[in-house]
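Q: Pasting a structure below so you can have a look.
The values are calculated or read from the model by the stated rules, or taken from the named source; none is laboratory data. Values in this document were obtained by computation on a predicted structure and should not be read as measured data. Here the Cβ positions follow ideal geometry from the backbone for every residue, glycine too, while neighbour counts run over all protein chains shown. All accessible areas refer to the heavy atoms of the entire protein, side chains included, with ligands and DNA or RNA removed. Shrake-Rupley method; radii C 1.70, N 1.55, O 1.52, S 1.80 Å.
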Amino acid sequence: MTDTRTIPAPAPPGPRNSDRVRPAGGGRQLPTTAAAALGLFLVARLCGGLVLALVARSAGKHPLLLLGHSWDSVWYLGIASHGYGLTLRNSTGVHCDLAFFPLYPGLVRAVTTLTPLGGVEAGLLVSWTAAVVAAYGIYRIGVRLHGPAVATALVALWGLLPHSVVLSMAYTEPVLTACAAWSLYAVLTRRWVWAGALAAFAGLSRPNGCSVAVAVLASAAHEVWRARGRGVSHRLWTGAALAPLGWSSYVLWVGRRRGDPLGGYFTVQRLWGSQFDFGHGALRFTEHMALHGTRLLFPMALVILGVSSVLFGLLIADRAPLPLVVYSGVLLVIALGGSGFFESKPRFLLPAFPLLTVVARALVRTARARPWHATIVASALAGLSFVYGAYLVVLARSPL
């Protein structure tokens, strides 16, 4: 990739090339290499997988089948094996596989074609690989904006979210996050063609993958406004044109297949019980929870939505770069404003890693001043992530 800046970008704060950061005043040194960040991420996910395996074995279930062949992953693996065309009718509605975007099953199909792996193994390989690629992209963004120490904490926090077990499953969130992280990094470094191309792939991965295209388009528009339209590189226009192609192409393809080019895809989603109603459905469900009570995962989802909203406000107050704010904001709006599958809303926010930036900075400050306090916080987050992840996959018996 070549750097094609239309306007010189200001140098990011914090050190970018050092492996260790020594704070002013002789504070403690923190290991902050990319290898350390990815190592922490892998350890977190391996420990989460070990806890899940122990709980699954005690429940008489096979952990790899739970990770690779549960809920949405069944649909994705079916598309990878047989293509689109499956419709199921039951008491909850008409469920059509056209609701699922094609990038992930396409990657699984490629792996099963090129290797002797079966569908479950290929699905897990794609997800695990994408999760590592995403973690490295998140690290690079963190280094550029706040230095290696914060970048390392950011990656670790992302790997310890309550729903981070999804990163170990045959689901699409790791693929979306990988495309999003590197697209946003390309925007920050003014590599517009890469940003647009990766945004197009993000749009082919999930319905909320459109958030990456919106971020790229908003950033491109801001660049054009700053330059007053003069001296804008053709690469910016190319990237902006590429960004929405993935999401819009699939939506139009489904619509054409359903006989309604503009509305067919959204009809498929409504039949699944999913539509954007500006939060009315979520509010009604929250009222129902308050009056009648419900299982643990629903109040937990509500807490995560509330915390995410606060973190988004802090992200804005911290004057984060425009593409990160727009990307996170669109993901949050989709999660809050959509109806149906309330328990899945935290999963929809799993790719919103910029929301963790303020927390990562605070954790690094704490680690330098009071290492034991930071250790306790990180241990508590790890315990919650591992135990709750095992509960979600093995015991909850509810769609993720």
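Q: Determine which single condition SER398 fails, assuming it passes every other condition in (1) more than 21 Å from ALA135 (Cα to Cα); (2) part of a helix (DSSP H, G or I).
A: It is condition (2) that SER398 fails.
Q: Run SER73 past the list (1) open to solvent by 20 Å² or more (accessible area, probe 1.4 Å); (2) assigned to a helix (DSSP H, G or I); (3) out of contact with any strand residue (DSSP E or B) (no Cβ under 9 Å at 6 or more places or on another chain) and report the number of the one that doesn't hold.
A: Result: SER73 fails condition (1) only.
Q: Residue check, PRO351 against (1) within 20 Å of ALA135 (Cα to Cα); (2) not in a loop (DSSP other than H, G, I, E, B), all met but one. Which one?
A: (2)
Q: Filter region 76-92 down to the residues that are outside any helix (DSSP H, G or I) and polar (S, T, N, Q) and list them by number. Walk me through how you get there before you give the answer.
A: Step one: of region 76-92, the residues outside any helix (DSSP H, G or I) are 83-92.
THR87, ASN90, SER91, THR92 - these are the residues of region 76-92 that are outside any helix (DSSP H, G or I) and polar (S, T, N, Q).
Q: Next up: Which pairs have Cβ atoms under 9 Å, sit 6 or more apart or on different chains, and link a residue in region 338-361 that is open to solvent by 20 Å² or more (accessible area, probe 1.4 Å) to one that is assigned to a strand (DSSP E or B)?
A: The qualifying pairs are GLY340/GLN275; PHE348/GLY338.
This table checks each residue for (1) closer than 26 Å to SER398 by Cβ; (2) modelled with pLDDT of 95 or more; (3) out of contact with any Asp or Glu (no Cβ under 8 Å at 6 or more places or on another chain).
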| site | (1), (2), (3) |
| --- | --- |
| GLY313 | no, yes, yes |
| PRO323 | no, yes, yes |
| GLY329 | no, yes, yes |
| VAL333 | yes, yes, yes |
| GLU343 | yes, no, yes |
| ALA352 | yes, yes, yes |
| THR357 | no, yes, no |
| ALA362 | no, yes, yes |
| PRO371 | no, no, yes |
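Q: Search region 247-257 for residues being touching a residue at least 60 places away in the same chain (Cβ under 8 Å) and open to solvent by less than 30 Å² (accessible area, probe 1.4 Å), and hand back the single one that is nearest to ARG191 (Cα to Cα).
A: The selected residue is TYR250.
Q: What's the total number of residues in region 29-70 that are surrounded by 17 or more Cβ atoms within 10 Å (Cβ to Cβ) and not in a loop (DSSP other than H, G, I, E, B)?
A: Going through region 29-70 one residue at a time, the tally reaches 20.
Q: Say whether the condition of being within 23 Å of PRO323 (Cα to Cα), assigned to a helix (DSSP H, G or I) and touching a residue at least 60 places away in the same chain (Cβ under 8 Å) is met by at least one residue in region 113-131.
A: Here is the first cut: in region 113-131, the residues within 23 Å of PRO323 (Cα to Cα) are 130-131.
Keeping just the survivors that are assigned to a helix (DSSP H, G or I) gives 130-131.
When the remaining residues are screened for being touching a residue at least 60 places away in the same chain (Cβ under 8 Å), the result is 131.
Yes, some residue in region 113-131 is within 23 Å of PRO323 (Cα to Cα), assigned to a helix (DSSP H, G or I) and touching a residue at least 60 places away in the same chain (Cβ under 8 Å).
Q: Among the residues of region 280-313, write down those that are touching a residue at least 60 places away in the same chain (Cβ under 8 Å) and assigned to a loop (DSSP other than H, G, I, E, B).
A: ARG295, LEU296
Q: Determine whether region 268-275 contains at least one residue that is β-branched (Val, Ile, Thr) and free of Cβ contacts under 8 Å to residues at least 24 places away in the same chain. Write out each step before concluding.
A: Here is the first cut: in region 268-275, the ones β-branched (Val, Ile, Thr) are 268.
Next, from what is left, pick out any that are free of Cβ contacts under 8 Å to residues at least 24 places away in the same chain: none.
No, region 268-275 contains no residue that is β-branched (Val, Ile, Thr) and free of Cβ contacts under 8 Å to residues at least 24 places away in the same chain.
Q: Scan region 175-192 and report the pairs whose first residue is over 22 Å from LEU125 (Cα atoms) and whose second residue is among the polar types (S, T, N, Q) and modelled with pLDDT of 95 or more, with Cβ atoms within less than 9 Å and a gap of 6+ or a chain change.
A: Sorted first by the residue in region 175-192, then by its partner, the pairs are LEU184/SER219; VAL187/SER219; LEU188/SER219; TRP192/SER219; TRP192/THR238.
Q: Please determine, by comparing only the residues of region 228-246 that are open to solvent by 70 Å² or more (accessible area, probe 1.4 Å) and assigned to a helix (DSSP H, G or I), which one is modelled with the lowest pLDDT.
A: HIS234
Q: ALA170 - would you say it is at pLDDT 95 or above and within 12 Å of the chain's Cα centre (by Cα)?
A: Here the answer is no, as ALA170 does not meet what is asked.
Q: A follow-up question, please. Just for region 176-216: of the residues that are open to solvent by less than 10 Å² (accessible area, probe 1.4 Å) and among the β-branched types (Val, Ile, Thr), which one is farthest from VAL326 (Cα to Cα)?
A: Of everything passing the filter in region 176-216, THR189 is farthest from VAL326 (Cα to Cα).
Q: Let me ask something additional. Looking at (1) open to solvent by less than 20 Å² (accessible area, probe 1.4 Å); (2) not in a helix (DSSP H, G or I), which one does GLY137 not meet, given that it meets all the others?
A: Of the numbered conditions (1) open to solvent by less than 20 Å² (accessible area, probe 1.4 Å); (2) not in a helix (DSSP H, G or I), the odd one out for GLY137 is (2).
Q: Within region 220-243, is even one residue within 26 Å of TYR185 (Cα to Cα), in contact with a Cys (Cβ under 9 Å, 6 or more places away or on another chain) and not hydroxyl-bearing (Ser, Thr, Tyr)? Working first, answer last.
A: Of all residues in region 220-243, those within 26 Å of TYR185 (Cα to Cα) come to 220-243.
Pick out the ones that are also in contact with a Cys (Cβ under 9 Å, 6 or more places away or on another chain) and you get none.
The answer is no; no qualifying residue exists.
Q: Looking at region 94-112, which of its residues are aliphatic (A, V, I, L, M) and either at pLDDT 95 or above or part of a helix (DSSP H, G or I) (or both)? I'd like the intermediate steps shown before the answer.
A: To start, the set of residues in region 94-112 that are aliphatic (A, V, I, L, M) comprises 94, 98-99, 103, 107-108, 110-111.
Passing the criteria: LEU98, ALA99, LEU103, LEU107, VAL108, ALA110, VAL111.
Q: Out of all the residues in region 362-384, is one or more under 18 Å from the mean Cα position of the chain (by Cα) and within 26 Å of SER328 (Cα to Cα)? Walk me through it before giving the result.
A: Let us first name the residues in region 362-384 that are under 18 Å from the mean Cα position of the chain (by Cα), namely none.
No: zero hits.
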